[in-house]
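The structure appears below as structure tokens.
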Amino acid sequence: MSIDWAALGSVFGVSLAVTVALVGLFTLGIVGLSQQDKAATATAGGRPATMARTGAYACFALCAAAVAYGIYLIVA
């Protein structure tokens with residue numbers, strides 16, 4: 001039995017990078033939702049609050065897409 005260390009290292013590196021990116025993206029979504037409350041109270045116009053909410057939802061959608069793609073790769 002032999003272990004392909006290069007392939008193992010490659011899988012480890014890619015999984016580490018994707019995990020860090022996914023956690024960072026989810027964190028940006030949470031920060032965007034928390035900024036929405038601050039922006040809504042700071043300005044009466046509501047435009048910054050809408051932008052913060054839209055950005056947060058986009059981050060969450062990208063997280064969901066990455067998870068769905070990962071499940072697709074596992075199943076297929």
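The values are calculated or read from the model by the stated rules, or taken from the named source; none is laboratory data. This one's a predicted model, so the numbers in the text were calculated from it and none came from an experiment. All Cβ positions, glycine included, derive from the backbone under ideal geometry; neighbour counts span all protein chains shown. For the accessible areas, the whole protein counts, side chains as well, though only heavy atoms, and no ligand, DNA or RNA atoms are used. Shrake-Rupley method; radii C 1.70, N 1.55, O 1.52, S 1.80 Å.
Tabulated values for the structure
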quantity: Pairs where the first residue, in the range 1-26, is assigned to a helix (DSSP H, G or I) and the second is among the aromatic types (Phe, Trp, Tyr), C-beta under 8 Å, 6+ apart; calculated: Phe26/Phe60
quantity: Some residue of the range 39-55 being open to solvent by 70 Å² or more (accessible area, probe 1.4 Å), at pLDDT below 95 and not in a helix (DSSP H, G or I); calculated: yes
quantity: Hey, Leu33 free of Cβ contacts under 8 Å to residues at least 24 places away in the same chain and either farther than 22 Å from Ala52 by Cα or touching a strand residue (DSSP E or B) at 6+ places or on another chain (Cβ under 7 Å) (or both) or not; calculated: no
